[in-house]
Amino acid sequence: MAALERENNSYEIVFKAFDTLARRAAAAAGLGYFPLARSLVAEPLVIEGPGVLPVLPPAEGFADTRVNAPAQLTAAWKDYAPVV
């Protein structure tokens, strides 16, 4: 939202959920955008084309220490994009 505000773009929150699958389903249903690591984008989601939205700032995810490959999770979050 901060990136939209910096560009003076209006927005409306139409769906809010803690659950990632629920947010993914909302984006797939056309309710809006969902920032997601590019490596995690799968049909029916698509990466929005350049110039439609402001560039997102760099992001890093977190890794649960119980996961076998935390470095891969962190790397996945270094390259994320808005999907619709």
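The values are calculated or read from the model by the stated rules, or taken from the named source; none is laboratory data. Quick caveat, the model's predicted, so the values are computed rather than measured. For neighbour counting, all protein chains shown are included, and Cβ atoms are generated from backbone atoms with ideal geometry for every residue, glycine included.
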Problem - Hits in segment 6-45 - residues which are in a helix (DSSP H, G or I) and of a type outside the set (Ser, Thr, Tyr) - result: 6, 21, 22, 23, 24, 25, 26, 27, 28, 38, 40
Practice task
Quick one: residue 44 ticks every box in (1) out of contact with any Phe, Trp or Tyr (no Cβ under 9 Å at 6 or more places or on another chain); (2) closer than 27 Å to residue 8 by Cβ; (3) modelled with pLDDT of 85 or more except a single one, so which number is it?
Solution key: (2)
Practice task
Look at residue 3 and say whether it is assigned to a helix (DSSP H, G or I) and touching a residue at least 12 places away in the same chain (Cβ under 8 Å).
Solution key: yes
Practice task
Taking residue 59 as the residue in question, decide whether it is among the small types (Gly, Ala, Ser), at negative phi and either modelled with pLDDT of 85 or more or surrounded by 13 or more Cβ atoms within 10 Å (Cβ to Cβ) (or both).
Solution key: no
